[in-house]
Amino acid sequence: MSRVFEKLGAFVTGRPWWIIGAWVIAGALVVLLSPQLVTFTSNNNSSFLPSSYESVQAENVASKYFPADAGASGTIVVSATDGGALSTSDQQKVSALATSLSGDKIASVESVTTSPLYLSSDMKVQLVQVVFSGQAGDAGPNAAVPVVREKTNSFLQGSGLEGGLTGNAAISVDSTNAFDSAEVVITIATVLLILLLLGIVFRSLWIALLPIVVIGAVHQVAQSVTADFADWFHFVVGPELAPLLVVVMFGVGTDYIVFLLFRYREHVVAGDEPAGALRYSLTKVGEVITSAGATVIAAFAALLVASLESLRTLAPGLIIGIVLMLLAALTLVPAILSLFGITVFWPTKPVARVRIHRTRSERIGDMVAKHPALVLLVWSVVLIALALGSLGFKTTYNQLAELPSSTPSQVAFNTMATAFPAGYLGPTQVFVTSDTSEPLNQSDVSSLADKLGKTQGVSTVLPPTYTTSKGQALIDVLLTSDPYSITAINNVEGPVRTTASSTAVAGATTLVGGTTSQLVDVRAALRHDVEHIFPLALIIVAIILALLLRALLAPIYLLVGVVLTYAATLGVITLVFIKGFGFVGLDFTIPIVVYLFVIAIGTDYNILIASRLREGLEEGLSPRETSRTAIVHGAPAVAAASLILAGTFASLLLTGIQLLEEIGLAVALGVLLAANVLATRIVTTLAALRFWHFWWPNRTHAKTAPKREDLLPAPHEASEELDARQTFST
């Protein structure tokens, strides 16, 4: 493998302008000729579910027989600006609003209706129901929502009334807008953070700017290629992909560049000629970052087996981003560095300096070499203690509540919830369809409606609506709870569906649809995906680590540590968000998303340290000395890279979107634990304690099995001249 990277290093550094020119031309063509990724972005839950689920089958029935009720829904919540009761003239104004909006013939708006039935019992709120053509997240409803809002505000201006639009169509639009705004905030914060941290670590203007320019350009190409794949293979992605792609590419890409720069500087400090130092660094680091990139790609590829399409369609974009970033790190970045030469470190110059005090990495290395068992015990206990926090883990499916509190659909819903049962936001729809061409037995349908009205979690059941042929019926069920809440999901999954399926309607099929029913199926799909993705990701990563490390036991040790790190991460964010900030639960995608990020990205640091360990053993060093030198040489790069990557993910905390905040804190924490606890302290102590058995079955390391003197602490090199070559360490 090293021969491949030797040839790559010679080719890239020998023809830098060819490499740069090829990237510029190819990137420009891709960006100019590809569609926009936003064209293929949606957050409609039903579009992410397989057709085998009941809610999807119910939606198909609705589209065929009840098109006026099958589209995205909206509710205009009208109240007095002073909070008082609506007068007769106010109610007439609300009726006139519905008539006006209906008469405007807004594209994708099927109907706008209201009636005295939509007036709350305290007369403070009246609802106007809006039905859109198409599903929430489709282009039609997305375009219609802002028009409905603008016309509502214009019509009610000066009347003493105010109206806010909520419902799944409005929530979809507001969610997309929130994620778009989040992407801007994240990009700005990430760029500033990378500039600051790289400037501090390397004290170089060019190095601070290099990742921003390179990764920024590659990110644009990744978005375009992802859009091409979405177009070619006919899939849509969720709105969370765009901000995640920013932090993943900038974070991981900066990691790979930092790995190369640290090794390059190490050899320049040692007195190597810059061109040769760069080629040698790429030979050594190339294999590391290729393995790291392959691990991340493989972990994200595990999402391709997900039944929940919102997870499955995350995979192409993330994989494309990592593949392009890996290619850039192996070709474009070293090509640029070869042109800069030693001036890339300007205004500083990497030279050996005499130091008096030991560096932090040297102190850690000495501690691991002297007391590996104690270090292993202490940090293992710390991770286990943090993992105990996950015992209080709970999930939430409330997409609306996860948006910023100032979101228009959230404000309108809060107003509605003061006067109506929360279930008005998204009715559960029960469809009864004749299995023959004969009309339904209306007595049986009425009996079903009566039983549904007495079912746990149901507030109101509206009279059945029939098609012209009487062969199909729709029963709208209004829940007592917020349709996005766990309580509502449990009630629909249990009592409501049980009542619907067990109440006989002669010669008919009964299906339960609507927002909450979709979430029931999303939860079932997620359980299936967890059972498949978790072990699959571990197996794939284990295979890649085994190939890189030429060992079978070492990957097992590493993955056990990674899983423990994941559990500790989940425990901390559970304590922070649920116990600390009082969240109802963590977003339902958090376990899988955080698992993959910690498994994939956190393993990068293990790979770097493990490759250093392997180098030391191959050079004939004793196990403890190998661990010490691996920390001295590898820990500074790991610490710097993990800090930058954690910082990029921490920028998600600035978005105000609970899902992104949770991912941001979790991955930032997981990365720091993986780098500074697992890689630096646990993996190195395991290598020191297990000797060559750590690398089993590769017995070439057996010759370095410790003698009696190897069991003694490795002496610290007191010579300042010898220490001078590690002056770049933190």
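The values are calculated or read from the model by the stated rules, or taken from the named source; none is laboratory data. All figures in this text were calculated on a predicted structure; none of them were measured in a lab. So basically every Cβ, Gly included, is an ideal-geometry build from the backbone, and we count neighbours across all protein chains shown. We work out accessible area using only protein heavy atoms, side chains counted, and drop any ligands, DNA or RNA first. Shrake-Rupley method; radii C 1.70, N 1.55, O 1.52, S 1.80 Å.
Kindly indicate whether any position in the stretch 576-590 is closer than 23 Å to Ile631 by Cβ and either surrounded by fewer than 24 Cβ atoms within 10 Å (Cβ to Cβ) or within 20 Å of the chain's Cα centre (by Cα) (or both).
Taking every residue of the stretch 576-590 in turn, none turns out to be closer than 23 Å to Ile631 by Cβ and either surrounded by fewer than 24 Cβ atoms within 10 Å (Cβ to Cβ) or within 20 Å of the chain's Cα centre (by Cα) (or both).
Looking only at the stretch 382-395, which residues are open to solvent by 80 Å² or more (accessible area, probe 1.4 Å) and hydrophobic (A, V, I, L, M, F, W, C)?
Correct list: Ile384, Leu388, Leu391.
Of the conditions (1) surrounded by fewer than 21 Cβ atoms within 10 Å (Cβ to Cβ); (2) of a type outside the set (A, V, I, L, M, F, W, C); (3) modelled with pLDDT under 90; (4) within 22 Å of the chain's Cα centre (by Cα), Thr190 clears all except one; give me its number.
Result: Thr190 fails condition (1) only.
When you look at Val344, is it aliphatic (A, V, I, L, M), over 30 Å from Val522 (Cβ atoms), more than 19 Å from the chain's Cα centre (by Cα) and buried (at least 24 other Cβ atoms within 10 Å of the Cβ), yes or no?
no
Which ones in the stretch 394-419 are over 24 Å from Lys579 (Cα atoms) and hydroxyl-bearing (Ser, Thr, Tyr)?
Thr407, Ser409, Thr415, Thr418
Conditions: (1) part of a loop (DSSP other than H, G, I, E, B); (2) open to solvent by less than 10 Å² (accessible area, probe 1.4 Å); (3) of a type in the set (Gly, Ala, Ser). Gly365 meets all but one. Number of the miss?
Condition (1) is where Gly365 drops out.
Given the criteria out of contact with any Asp or Glu (no Cβ under 6 Å at 6 or more places or on another chain), surrounded by 23 or more Cβ atoms within 10 Å (Cβ to Cβ) and in a helix (DSSP H, G or I), does Ala328 qualify?
Yes, satisfied.
Quick grid of which residues meet (1) in a helix (DSSP H, G or I); (2) over 33 Å from the mean Cα position of the chain (by Cα):
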{"residue": "Lys451", "(1), (2)": "yes, yes"}
{"residue": "Thr455", "(1), (2)": "no, yes"}
{"residue": "Ser459", "(1), (2)": "no, yes"}
{"residue": "Pro463", "(1), (2)": "no, yes"}
{"residue": "Ile475", "(1), (2)": "no, yes"}
{"residue": "Pro483", "(1), (2)": "no, no"}
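Out of (1) in contact with an Asp or Glu (Cβ under 8 Å, 6 or more places away or on another chain); (2) farther than 19 Å from Asp450 by Cα; (3) at pLDDT 90 or above, what's the single condition that is false for Gly513?
(2)
Go through the stretch 116-150 and count every residue that is more than 38 Å from the chain's Cα centre (by Cα) and open to solvent by 30 Å² or more (accessible area, probe 1.4 Å).
Result for the stretch 116-150: 8.
Of the residues Ala630, Ala674, Ala650, which single one is part of a helix (DSSP H, G or I), within 29 Å of Thr395 (Cβ to Cβ) and in contact with a Ser or Thr (Cβ under 7 Å, 6 or more places away or on another chain)?
Going through Ala630, Ala674, Ala650 in turn, the sole match is Ala674.
Give the number of residues within the stretch 197-218 that are open to solvent by less than 10 Å² (accessible area, probe 1.4 Å) and touching a residue at least 40 places away in the same chain (Cβ under 8 Å).
Within the stretch 197-218, residues that are open to solvent by less than 10 Å² (accessible area, probe 1.4 Å) and touching a residue at least 40 places away in the same chain (Cβ under 8 Å) number 8.
If you go through the stretch 9-39 one residue at a time, how many are touching a Ser or Thr at 6+ places or on another chain (Cβ under 8 Å), buried (at least 16 other Cβ atoms within 10 Å of the Cβ) and part of a helix (DSSP H, G or I)?
Residues in the stretch 9-39 being touching a Ser or Thr at 6+ places or on another chain (Cβ under 8 Å), buried (at least 16 other Cβ atoms within 10 Å of the Cβ) and part of a helix (DSSP H, G or I): 8 in total.
Give me the pairs: first residue in the stretch 64-79 and in a strand (DSSP E or B), second residue among the basic types (Lys, Arg), beta-carbon distance under 8 Å, and six or more apart or on different chains, which are they?
Listed pairs, sorted by first residue: Ser79/Lys124.
Per-residue answers, yes or no, for (1) over 24 Å from Val218 (Cβ atoms); (2) small (Gly, Ala, Ser); (3) open to solvent by 20 Å² or more (accessible area, probe 1.4 Å); (4) modelled with pLDDT of 85 or more:
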| position | (1), (2), (3), (4) |
| --- | --- |
| Leu261 | no, no, no, yes |
| Tyr264 | no, no, no, yes |
| Thr290 | no, no, yes, yes |
| Gly293 | no, yes, no, yes |
| Ala298 | no, yes, no, yes |
| Thr313 | no, no, no, no |
| Ile322 | no, no, no, yes |
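Please find, within the stretch 522-545, the residue that is nearest to Leu303 (Cα to Cα) out of those that are open to solvent by less than 30 Å² (accessible area, probe 1.4 Å) and modelled with pLDDT under 85.
Taking the candidates together, the pick is Val541.
Determine whether the stretch 179-193 contains at least one residue that is of a type in the set (Val, Ile, Thr), free of Cβ contacts under 8 Å to residues at least 12 places away in the same chain and assigned to a helix (DSSP H, G or I).
yes
Quick one: which of Asp90, Asp104, Asp69, Asp82 is buried (at least 18 other Cβ atoms within 10 Å of the Cβ), acidic (Asp, Glu) and within 22 Å of Leu161 (Cα to Cα)?
Going through Asp90, Asp104, Asp69, Asp82 in turn, just one is buried (at least 18 other Cβ atoms within 10 Å of the Cβ), acidic (Asp, Glu) and within 22 Å of Leu161 (Cα to Cα): Asp90.
Looking only at the stretch 372-401, count every residue that is assigned to a helix (DSSP H, G or I) and of a type outside the set (A, V, I, L, M, F, W, C) and tell me the total.
Total meeting the criteria: 5.
May I ask you to list pairs of residues, at least six apart or on different chains, whose Cβ atoms are under 6 Å apart, with the first in the stretch 462-482 being of a type in the set (S, T, N, Q) and the second being part of a loop (DSSP other than H, G, I, E, B)?
Listed pairs, sorted by first residue: Thr480/Pro421; Thr480/Gly457.
What's the number of the only condition in (1) of a type outside the set (S, T, N, Q); (2) in contact with a Gly (Cβ under 9 Å, 6 or more places away or on another chain); (3) surrounded by fewer than 20 Cβ atoms within 10 Å (Cβ to Cβ) that Phe235 fails to meet?
Of (1) of a type outside the set (S, T, N, Q); (2) in contact with a Gly (Cβ under 9 Å, 6 or more places away or on another chain); (3) surrounded by fewer than 20 Cβ atoms within 10 Å (Cβ to Cβ), only one is false for Phe235: (2).
Being under 30 Å from Ala600 (Cα atoms) and either open to solvent by 30 Å² or more (accessible area, probe 1.4 Å) or touching a Phe, Trp or Tyr at 6+ places or on another chain (Cβ under 6 Å) (or both), is that true of even one residue in the stretch 507-521?
Yes.
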